[in-house]
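Written below as structure tokens is the structure these notes are about.
The values are calculated or read from the model by the stated rules, or taken from the named source; none is laboratory data. Computed from a predicted structure; not experimentally measured. Cβ placement follows ideal geometry from the backbone for every residue including glycine, while neighbour counts extend to all protein chains displayed. The protein model used for the area step is the full one, side chains on, heavy atoms only, and it has no ligands, DNA or RNA in it. Shrake-Rupley method; radii C 1.70, N 1.55, O 1.52, S 1.80 Å.
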Amino acid sequence: MNFRRFTASAVITFALIVVGSAAAWAQANTVVGIGPGMYFEDGTMDGEEQASVQITDETFNYISDGTLNFSVWWLAAVTENLRMGATIMYYGSYTASIQEEDNNDDEEEELYEFGSLWEFYGRIEYLVPTYEGLDVMFGAVAGIPVLFPDGEFQEEIDRLRDQQASVWDLPRIGYMVGPIVSMRYGYSDYLFFRLDLALKWEQLLLFNTSEEVQGVAFGKDWTISTLRSEFTLGIEVGL
């Protein structure tokens with residue numbers, strides 16, 4: 001447990017150092033922002049486990065049981081209309097609500113907790129002034145999601161390690177990419193309110209092992225793929 005906490009702290013600290021170092025070369029019109037958001041997604045956990053000649057399909061479709069996130073970002077002007085920067089987004093406990101094909105409304109909802117989900121990504125946006133004080137921005141985001149195992153996923157890791165399988169008890173990473181459209185209103189020269197609409201394609205690699213365990217062929221492959229829609233309300237402050 002202490003090692004997992006150390007790893008989590010190291011990843012977060014590294015991300016903050018990257019963002020802080022980038023500020024050294026930032027030009028004028030640099031802003032920092034914070035804001036809560038909502039997200040909706042459809043995901044698939046593609047998975048199977050092999051033990052000797054038996055292969056078990058563990059795939060399931062899901063929607064996220066949570067809908068709220070929170071982000072902090074930094075942006076600096078590259079040209080008059082082009083800005084680049086970085087974002088840290090936190091989703092809290094990432095829990096799947098499993099969608100069964102024959103699921104009835106009267107049946108109890110089946111949940112699967114993967115752990116604590118963060119995203120660390122870069123962003124670029126092009127600003128188009130419209131009416132006085134109102135800007136429209138078109139951009140893109142790309143980066144790395146990081147999942148810190150907990151709940152049922154951590155229990156699965158512990159079960160496999162108890163059976164002497166060589167699976168890591170470490171955060172899982174992946175990739176994400178997508179477009180973003182924003183509107184920003186300038187309340188003053190240094191204070192802005194903005195709305196972001198983003199569509200993200202994300203994959204997380206949970207297991208990918210093929211080996212012999214006590215003389216028996218063993219394999220485990222789990223990958224999360226999700227398409228996520230996000231709405232963020234934020235405040236930006238000019239530096």
*Please identify the pairs in which a residue from the range 205-229 that is of a type in the set (Phe, Trp, Tyr) has its Cβ atom under 7 Å from the Cβ atom of a residue that is open to solvent by 70 Å² or more (accessible area, probe 1.4 Å), counting only partners at least 6 apart or on another chain.*
Phe218/Glu212
*Of the residues Asp189, Asp221, Asp196, Asp169, which is in contact with a helix residue (DSSP H, G or I) (Cβ under 9 Å, 6 or more places away or on another chain) and either among the acidic types (Asp, Glu) or farther than 25 Å from Ala96 by Cα (or both)?*
Asp169
*Residue by residue through the range 167-197, note down the ones that are of a type outside the set (D, E, K, R) and open to solvent by 80 Å² or more (accessible area, probe 1.4 Å).*
Trp168, Ile173, Tyr175, Met183, Tyr185, Tyr187, Tyr190, Phe193
*Working only within the range 230-239, note down all residues that are open to solvent by 40 Å² or more (accessible area, probe 1.4 Å) and closer than 18 Å to Leu68 by Cβ.*
Phe231, Leu233, Ile235
*Check Val72 against each of (1) at pLDDT 95 or above; (2) crowded, with 17+ Cβ neighbours inside 10 Å; (3) of a type in the set (A, V, I, L, M) and name the one condition it does not meet.*
(2)
*Within the range 29-58, how many residues turn out to be outside any strand (DSSP E or B) and either open to solvent by 80 Å² or more (accessible area, probe 1.4 Å) or under 19 Å from Gly115 (Cβ atoms) (or both)?*
3
*Name every residue in the range 156-197 that is outside any strand (DSSP E or B) and either in contact (Cβ under 8 Å) with a residue 60 or more places away in the chain or basic (Lys, Arg) (or both), in order of residue number.*
Arg159, Leu160, Arg161, Asp169, Leu170, Pro171
*asked:* Looking only at the range 112-135, how many residues end up being part of a strand (DSSP E or B) and either modelled with pLDDT under 95 or out of contact with any strand residue (DSSP E or B) (no Cβ under 8 Å at 6 or more places or on another chain) (or both)?
replied: 5
_Subset of the range 198-215 [more than 24 Å from Pro149 (Cβ to Cβ), part of a strand (DSSP E or B) and either in contact with a Pro (Cβ under 6 Å, 6 or more places away or on another chain) or open to solvent by 40 Å² or more (accessible area, probe 1.4 Å) (or both)]_ = Leu199, Glu212
*For Thr79, which of the numbered conditions (1) out of contact with any Ser or Thr (no Cβ under 6 Å at 6 or more places or on another chain); (2) over 19 Å from Arg184 (Cα atoms); (3) open to solvent by 70 Å² or more (accessible area, probe 1.4 Å) fails to hold?*
(2)
_Can you tell me which of (1) surrounded by fewer than 19 Cβ atoms within 10 Å (Cβ to Cβ); (2) more than 26 Å from Ala76 (Cα to Cα); (3) at pLDDT below 95 is the one Phe218 doesn't meet?_
(1)
*Determine, yes or no, whether Gln154 is more than 13 Å from the chain's Cα centre (by Cα) and loosely packed, with under 14 Cβ neighbours inside 10 Å.*
no
_Kindly evaluate Thr87 against the criterion of being outside any strand (DSSP E or B), closer than 30 Å to Gly238 by Cα and polar (S, T, N, Q)._
no
